[in-house]
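The values are calculated or read from the model by the stated rules, or taken from the named source; none is laboratory data. What you see is a predicted model, and the numbers here were worked out from it, not measured in a lab. For neighbour counting, all protein chains shown are included, and Cβ atoms are generated from backbone atoms with ideal geometry for every residue, glycine included.
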Amino acid sequence: MSAKLYPIGFSEIPDWQNDDHLSAFNAFLVSARRLIEKPYSGRGLGVSGEDLASVARSAVELSKSPMTSHSAQVFFEAAFIPHKFDGADGFLTGFFEPVVEASKKRSAKFSEPLYLRPDDLVDVTDANRPTGLDNSYRYGLKTDDGIQEYFDREAISTGALSDRRLELVYLKDKVDAFFIHVQGSAKLNLIEGGIMRVTYAAKSGHPYSSIAKKLCADLAIEPADMTADRLKQWMLDNPDHLDELLFHNRSFIFFEEVLGTDPEAGPIAAAKTPLIPHRSLAVDRTLHTFGTPIWLTTHEPLPEEDKPFAQLMIAQDTGSAIVGPSRCDIFIGSGDDAGLKAGRVRHAADMIVFVPVQNFDLNDVFKS
């Protein structure tokens with residue numbers, strides 16, 4: 001790890017006083033309730049899941065009484081110690097929840113499947129990793145001869161999983177499927193009626209390769225100019241070359257249906273909690289502990305905003321392209337408008353990690 005954390009004071013956080021702390025507290029509560037049930041594992045930066053769970057219990061207890069933005073601010077300042085990175089330049093992108101039409105049955109109009117996790121796809125750990133399989137692989141193919149590399153995108157797209165009854169739902173085309181694979185979740189308007197929510201279940205294990213970067217190289221386009229809407233339009237305009245581009249990224253995503261969720265709430269992501277627009281942050285899961293509050297400041301405004309973004313976020317998701325201590329992805333929302341905004345977020349940013357106070361006692365702060 002190239003970056004280390006060192007403590008700072010709340011007075012050193014830019015615009016800290018101007019945030020809606022009650023909104024931030026309510027976002028933290030979403031993770032707090034999950035932390036109480038099952039604390040997240042601590043990760044490389046050293047934020048303890050158990051310490052977070054202790055603070056989470058205090059937050060849930062506090063929420064039983066009427067809260068104000070001031071009392072929420074007092075809570076954060078008492079329960080956490082802000083920490084900056086030493087020598088790590090931050091970079092922010094955006095993500096969203098696609099909303100598309102789908103069908104439970106294959107047809108000429110709906111022919112592109114999203115797949116369930118296959119039963120021969122197994123988790124790879126240090127304990128069972130075979131000699132020769134790269135350390136980046138977290139999944140593999142279970143065989144009689146041991147674990148091997150799983151089928152990649154090209155193999156799956158050309159029939160490797162046919163006749164296995166793994167098709168969860170069918171989409172109109174490969175473009176819709178691609179963006180759902182990238183985002184890791186979707187809200188599907190079923191032609192049979194009703195809404196289906198799907199989310200990431202596993203992946204083939206292969207390293208992620210950006211097709212946007214490849215297309216920029218092929219077309220001699222600056223990466224900053226390759227927005228998501230421009231990439232989508234090229235894909236729609238060039239169906240004969242689409243597979244060649246898609247197969248550049250060998251990583252393939254498997255999905256599962258999310259049951260019992262509020263259709264108006266955000267998607268369920270990696271931390272198993274609903275995402276909140278402009279409050280949920282995707283981070284490097286090997287370094288950051290889910291549920292950690294993180295102060296995010298951009299160096300320029302987000303799309304359609306008039307000043308740099310400065311808010312307290314909650315680490316609630318991750319992604320294959322999110323690598324490094326100061327690399328992050330902000331959840332913008334659901335639908336096409338959110339997608340257009342998310343695709344234009346490529347911002348320099350600073351992150352301040354809120355490390356929970358050990359043995360935090362709510363009674364020491366809010367005394368009767």
With the structure loaded, tell me whether S71 is in a helix (DSSP H, G or I) and under 26 Å from the mean Cα position of the chain (by Cα) or whether it fails that test. no
Considering only residues that are assigned to a helix (DSSP H, G or I) and free of Cβ contacts under 8 Å to residues at least 12 places away in the same chain, look in region 33-56 and name the one that is nearest to N363 (Cα to Cα). E50
V122: modelled with pLDDT under 95, of a type in the set (V, I, T) and either assigned to a helix (DSSP H, G or I) or within 25 Å of A271 (Cβ to Cβ) (or both), yes or no? no
Selection over region 280-293 where residues are under 21 Å from A59 (Cα atoms), part of a loop (DSSP other than H, G, I, E, B) and among the hydrophobic types (A, V, I, L, M, F, W, C) yields a count of 1
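Each row is one residue, and each column tells you yes or no for (1) part of a strand (DSSP E or B); (2) more than 24 Å from G46 (Cβ to Cβ); (3) of a type in the set (S, T, Y); (4) modelled with pLDDT of 95 or more.
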{"site": "H248", "(1), (2), (3), (4)": "no, yes, no, yes"}
{"site": "G260", "(1), (2), (3), (4)": "no, yes, no, no"}
{"site": "E264", "(1), (2), (3), (4)": "no, yes, no, no"}
{"site": "H278", "(1), (2), (3), (4)": "no, yes, no, yes"}
{"site": "W295", "(1), (2), (3), (4)": "yes, no, no, yes"}
{"site": "A310", "(1), (2), (3), (4)": "yes, yes, no, yes"}
From E305, E300, E256, E264, which residue is surrounded by fewer than 16 Cβ atoms within 10 Å (Cβ to Cβ) and touching a residue at least 24 places away in the same chain (Cβ under 8 Å)? E300
Could you check region 167-203 and list, in sequence order, the residues that are assigned to a strand (DSSP E or B) and either within 18 Å of the chain's Cα centre (by Cα) or small (G, A, S) (or both)? S185, A186, K187, R197, V198, T199, Y200, A201, A202, K203
Residue under question is G324, and the condition is that it be under 15 Å from the mean Cα position of the chain (by Cα), on the phi > 0 side of the Ramachandran plot, modelled with pLDDT of 90 or more and in the same structural domain as D19 (by TED's automatic domain parsing); does it hold? yes
For region 129-176, what are the residues that are out of contact with any Leu (no Cβ under 9 Å at 6 or more places or on another chain) and hydrophobic (A, V, I, L, M, F, W, C)? L133, I156, A160, L161
Please determine, by comparing only the residues of region 86-112 that are part of a strand (DSSP E or B) and surrounded by fewer than 20 Cβ atoms within 10 Å (Cβ to Cβ), which one is nearest to the chain's Cα centre (by Cα). F91
From the residues in region 293-311 that are touching a Pro at 6+ places or on another chain (Cβ under 8 Å) and among the polar types (S, T, N, Q), which one is nearest to A32 (Cα to Cα)? T297
Out of curiosity, is M226 at pLDDT below 95, in contact with a helix residue (DSSP H, G or I) (Cβ under 6 Å, 6 or more places away or on another chain) and surrounded by 15 or more Cβ atoms within 10 Å (Cβ to Cβ)? yes
Test set (1) over 16 Å from R279 (Cα atoms); (2) outside any helix (DSSP H, G or I); (3) of a type in the set (V, I, T) - V60 fails condition number: (2)
From (1) in contact with a Phe, Trp or Tyr (Cβ under 8 Å, 6 or more places away or on another chain); (2) more than 23 Å from Q233 (Cβ to Cβ), pick out the condition that doesn't hold for G146. (1)
Top-ranked residue of region 4-33 - restricted to ones that are within 20 Å of G46 (Cα to Cα) and within 21 Å of the chain's Cα centre (by Cα), ranked as surrounded by the most Cβ atoms within 10 Å (Cβ to Cβ): F28
Based on what the data block shows, is R344 out of contact with any Pro (no Cβ under 8 Å at 6 or more places or on another chain), among the basic types (K, R) and not in a strand (DSSP E or B)? no
Of a type outside the set (F, W, Y) and crowded, with 19+ Cβ neighbours inside 10 Å - does that describe any residue in region 125-137? no
Scan region 331-368 for residues that are within 17 Å of the chain's Cα centre (by Cα) and among the hydroxyl-bearing types (S, T, Y) and jot them down. S334
The one condition Y208 fails out of (1) in a helix (DSSP H, G or I); (2) touching a Ser or Thr at 6+ places or on another chain (Cβ under 6 Å) is (1)
Within region 146-166, residues of a type in the set (D, E) and either part of a helix (DSSP H, G or I) or within 29 Å of D329 (Cα to Cα) (or both) come out as E149, D152, E154
Of the numbered conditions (1) modelled with pLDDT of 95 or more; (2) over 30 Å from E192 (Cβ atoms); (3) among the hydrophobic types (A, V, I, L, M, F, W, C), L166 satisfies every one except a single condition; which is it? (2)
